[in-house]
Amino acid sequence: MEKVLLKSWLSVPHCQTEVRRQRRFLPLKTMLGPRYDSQVAEENRFHPSMLSNYLKSLKVKMGLLVDLTNTSRFYDRNDIEKEGIKYIKLQCKGHGECPTTENTETFIRLCERFNERNPPELIGVHCTHGFNRTGFLICAFLVEKMDWSIEAAVATFAQARPPGIYKGDYLKELFRRYGDIEEAPPPPLLPDWCFEDDEDEDEEEDGKKESEPGSSASFGKRRKERLKLVMYMMLIDGTNEVFMIDRDNSVFHVSNLEFPFRKDLRMHLSNTLLDGEMIIDRVNGQAVPRYLIYDIIKFNAQPVGDCDFNIRLQCIEREIINPRHEKMKTGLIDKTQEPFSVRNKPFFDIYASRKQFLEILTWKYFHVMHRGL
């Protein structure tokens, strides 16, 4: 599990209240087994044993737990089953995709069958944080098997687990299936702990494990999509030896990114350390990731971090950016194959900031006026 998950998972309530009416559901976030204790303070832990103690305090029995995540790494299912709770893994993709019709039908069928045989017992349901996938499927059950309106189902789930389903596309899909998509409510205001992009974006299917903090992993598509306004150092240490290091000390390998040596474009830089930030730009409606370099600490084993800042900026442009452009002109670097673009971050003298600011305001004012004509 990565720090990305932990940042939002830590503050998410474990579980709140049951969604009731004849049949009961208890929505909750995923538990984390003891293997994660080194990353989670004691007051934030949520072991499977804590779920059992919580149920005992309520004097209720959970007979079924439905796990919607795409991994079995979070906790040991045996810790659930030894408490007499049946465990079912129903993988729902997440990653911006609502539960499919097949997911929904399977969930409804297994919950209906369980309720018929064990009417007084709770059904626990969790995804990673316990809101979007969890809420979607519970609401679908309430509509299809209990004749609720979709409006009532969504509102009741939000009361049981505030703020409820907070992804707009999930709400629209529920109303498309069970009501009028034009009447889908807007997403609710999010609490401080909630990072909308984190939900459903923190787990991989088993066998495609993401990195632990401090370890190395491939810089894949999903990680690229998460790198909005995040600061990263970049270590360049030879051909296909480029690594990103985030502020939590996680290390990611970056493939297909080349940094040629200015004096001989056939050679590759090594022992070079940069600092910068990853942003997501919008170009023609498409998300384009860019790494903006704003400092250099070491260049080809030479410590340059203590040099004058303007000299460091010149070094970035002359030794890092320009050689890449020169090699692109020869066709030996194919930008389309790179995971993201690399640029130097522009800086302006503080005395020029007023002029720059006024130019931006003037352009925006003209653009708004022109659009209104």
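Inclusion of Met244 among residues that are buried (at least 18 other Cβ atoms within 10 Å of the Cβ), at pLDDT 90 or above and assigned by the TED database to the domain that holds Lys335 is not warranted. The lone criterion from (1) under 28 Å from Gly331 (Cβ atoms); (2) exposed (fewer than 14 other Cβ atoms within 10 Å of the Cβ); (3) modelled with pLDDT under 95 left unmet by Asn271 is number (3). The residues on offer are Gly168, Gly164, Gly124, and the sole one that is among the small types (Gly, Ala, Ser) and at positive phi is Gly164.
Pairs, please: C-beta under 7 Å, at least 6 apart or cross-chain, first residue farther than 17 Å from Ile88 by Cα and in the stretch 116-130, second part of a loop (DSSP other than H, G, I, E, B) and among the hydrophobic types (A, V, I, L, M, F, W, C)? Close Cβ pairs satisfying both conditions: His129/Val12. Being surrounded by fewer than 15 Cβ atoms within 10 Å (Cβ to Cβ), among the basic types (Lys, Arg) and modelled with pLDDT under 85 is a description that applies to Arg282. In the stretch 149-184, what count of residues is obtained for those that are in contact (Cβ under 8 Å) with a residue 12 or more places away in the chain, in contact with a Leu (Cβ under 9 Å, 6 or more places away or on another chain) and hydrophobic (A, V, I, L, M, F, W, C)? Total satisfying the criteria: 7. In the stretch 30-46, the residues that are closer than 25 Å to Gln91 by Cα and in the same structural domain as Gly135 (by the TED database) form Cβ pairs under 8 Å with partners that are assigned to a loop (DSSP other than H, G, I, E, B) and acidic (Asp, Glu), at six or more places apart or across chains, as follows: Gly33/Asp76; Arg45/Asp37.
Output the residues belonging to the stretch 149-159 that are of a type in the set (A, V, I, L, M, F, W, C), farther than 16 Å from Leu189 by Cα and surrounded by fewer than 21 Cβ atoms within 10 Å (Cβ to Cβ).
Here is the first cut: in the stretch 149-159, the residues of a type in the set (A, V, I, L, M, F, W, C) are 150, 152-155, 157-158.
Pick out the ones that are also farther than 16 Å from Leu189 by Cα and you get 150, 152-153.
Correct list: Ala152 only.
For the condition among the basic types (Lys, Arg), loosely packed, with under 13 Cβ neighbours inside 10 Å and in the same structural domain as Glu326 (by the TED database), Arg290 does not qualify.
Taking the residues in the stretch 54-93 that are hydroxyl-bearing (Ser, Thr, Tyr), touching a Lys or Arg at 6+ places or on another chain (Cβ under 9 Å) and in contact (Cβ under 8 Å) with a residue 40 or more places away in the chain as candidates, determine which candidate is surrounded by the fewest Cβ atoms within 10 Å (Cβ to Cβ). Of everything passing the filter in the stretch 54-93, Ser72 is surrounded by the fewest Cβ atoms within 10 Å (Cβ to Cβ). Selection over the stretch 171-200 of residues that are of a type outside the set (D, E, K, R), modelled with pLDDT under 95 and part of a helix (DSSP H, G or I) gives a count of 1. Here are Ile320, Ile236, Ile316, Ile293: which of them is touching a helix residue (DSSP H, G or I) at 6+ places or on another chain (Cβ under 7 Å) and either at positive phi or hydrophobic (A, V, I, L, M, F, W, C) (or both)? Only one candidate passes the filter, namely Ile293.
Of the helices (runs of 4 or more DSSP H) contained entirely in the stretch 96-163, those carrying at least 3 residues that are modelled with pLDDT under 95 and under 13 Å from Leu64 (Cβ atoms) fall at 101-117.
The values are calculated or read from the model by the stated rules, or taken from the named source; none is laboratory data. Since the structure is predicted, the reported quantities are computational estimates derived from the model, not experimental observations. Note that we place each Cβ from the backbone using ideal geometry, even for glycine, and neighbour counts take in every protein chain shown.
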